[in-house]
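One structure is given here, and the rest of the page talks about it.
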Amino acid sequence: MARDVKNIEWVEVSLDFNRKPRLIGHLAWKRSERRSYFEFAGDFLSNSLPLSPFKLAASPGAVAAGHAPFEGLHGLFNDSLPDEWGRKLLDRRLQRLGYDHQTLSPLDRLCYVGDRGMGALIYKPQGQLDALEETTLDLDWLADQADLVQQEAPEADIDRLQANQGGSGGVRPKVVVGFNPETGLLVTDNGAGADPAYIPHIVKFKADADPDEIGPEEYAYSLMARAAGVIMPETRLIRGHRGLGYFAAERFDRNLSGRHHVLTLSGLLDADHRVPSVTYGDLLKVTRLLTRDERDVNQMFRRMAFNVLAHNRDDHAKNHAFRMDPDGSWHPTPAYDITYSSGPGGEHNLTIAGEGRSPGLGHLFDEAKASSIKRLNAEEAVEAVRAAIAQWPEFAAQAGLSDRRTAELDHVLNGRGAPHQASQHG
C-alpha cells in the first residue's frame, strides 16, 4: 500500500472543473458524534457555485451532516462514494492487505476515492493502494474475475477489478475504461484523459441476478429509449473475444476538457436510495426548482413514462441525476441504468401518483396534472414512448438479443405472443 489512510479527522475538498482544481472547503469527522461537519473556504464563498443548493448551500460556518441516511456524511459527498459493487471491492482489497475495513469512517473512504471518483469533486489526503501497470484490457477476463468475486472465490483478482471500477456505484459489476471506437481497444482509465482517441466509458458485467443476455438487453433498451425521445448517452455493445456482448455507455461526467459536477437526486435531497423515500412527483418538483426550465421538466416526465411503460422499476433516487455547468446552471444528465427490471417487491422505487405496483396511463396523466405539466406535452411524450416500445423486436434484433428473450419481453411490453416467464432483474 503506497499510503495508508485511516482515522482521518479532516479532508480537503476541491472542485476540478476543466483540470483547474479549486478548493471549496474542509470536511471534518467528529468521532464522538459519528458524523461530519463541512465548512466552505472563504475564497469559495466570495465567488460560490450552487454545488448542493437544497441541503448544503454556500454559507459561512460549519454545517453538520445528519446521522442518517449516509452514516454521518452529507449527501453531496456521499455521492462520491462507490456503493454495493465498488464498496465490496475496496473492502476485499483492504482485507487482503491486513486492514479492518469495518473501522473505516466515511472520510477514510473518501480519501480512497481521492481524484478518481465520479463527478468533479476530489479529496485530499489521498489514500493510495499499490499502483497497477496501465494496460489494454480484456473484457472477457474482467467479466470472469467479476464472477469469481460474486462467488467469493479467493483467486479473484480483486486488485485489478478495484483499480478499474473508478468509484462507480450500483449493484452491477462494472469498470471505467477508455475506449477507442476506431480500433476497438480499451485501456485503463486513470482519470487523466490525456489521449483524446480513448473516450471515457462505463462497461457493465452480469450480476448474479441478471439474465444471461443482460448486455444486449440493456443496449436494446438504450436504443428504444432514444427512439422514445429520452436523452441518452452514446451507448455501445462491445464484443469480447468469446463473442459476449458487454453494455457500454459514454461517461457524462467527463469530456476532453475535464470533469463535470454531477449530483444524484439522492445526493440533492439527502434521500436514501436503498428504501423508497422520494416519488416521481418529488423528482419533477426538484427538476423545476433546480433547472427553471420546463423543457427539462418535460424530459423528466418522458423518462418517467418510459420507465413505467417499459417496465424499468429500478428507478431509485441514485438512478436520476443532474449536471452543473461551470456557470452554476443545472440540467438533467442523460438517462442511465435503463433496462427491464421488476424492482423491489415488484414495485417502482419512485411511485407515480401514489402508485408503485401497477401504474398505468391514468397515473401518468394524474402525475402530469399534479406537477403542472401541460396535458398536450404529457400526451405527446406518452405516445412517443408507446410508439418506440411497439418497435421492441427491431431494437432487440439490432442488439443481437436471442429470439426467445425478445419474445419474452415483447409479451410483457406489448402483449404479443404467448406468455413466458421473463427473468427478473433488479
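The values are calculated or read from the model by the stated rules, or taken from the named source; none is laboratory data. A quick note: this is a predicted structure, and the numbers were derived from the prediction, not measured. Because the Cβ atoms are built from the backbone with ideal geometry, glycine has one as well, and the counts that use them run over all protein chains shown.
Scanning segment 200-226 for residues that are farther than 16 Å from Leu401 by Cα and assigned to a helix (DSSP H, G or I) gives Ala225, Arg226. Here Gly117 fulfils each of the conditions (1) modelled with pLDDT under 90; (2) surrounded by fewer than 22 Cβ atoms within 10 Å (Cβ to Cβ); (3) in a loop (DSSP other than H, G, I, E, B) apart from (2). Can you spot a residue in segment 361-370 that is in contact with a His (Cβ under 9 Å, 6 or more places away or on another chain), assigned by TED's automatic domain parsing to the domain that holds Glu294 and modelled with pLDDT of 95 or more? Scanning segment 361-370 turns up no residue that is in contact with a His (Cβ under 9 Å, 6 or more places away or on another chain), assigned by TED's automatic domain parsing to the domain that holds Glu294 and modelled with pLDDT of 95 or more. Within segment 325-365, the set of residues being in a helix (DSSP H, G or I) and crowded, with 17+ Cβ neighbours inside 10 Å comprises His363, Leu364, Phe365.
Scanning segment 17-35 for residues that are under 24 Å from the mean Cα position of the chain (by Cα) and either modelled with pLDDT of 95 or more or of a type in the set (S, T, N, Q) (or both) gives Asn18, Ile24, Leu27. Filtered by the rule that a residue be surrounded by 23 or more Cβ atoms within 10 Å (Cβ to Cβ) and not in a loop (DSSP other than H, G, I, E, B), segment 312-324 gives Asn312, Ala321, Met324.
Comparison of Leu56, Leu73, Leu94 shows that the only residue that is out of contact with any Lys or Arg (no Cβ under 7 Å at 6 or more places or on another chain), surrounded by 21 or more Cβ atoms within 10 Å (Cβ to Cβ) and modelled with pLDDT under 95 is Leu94.
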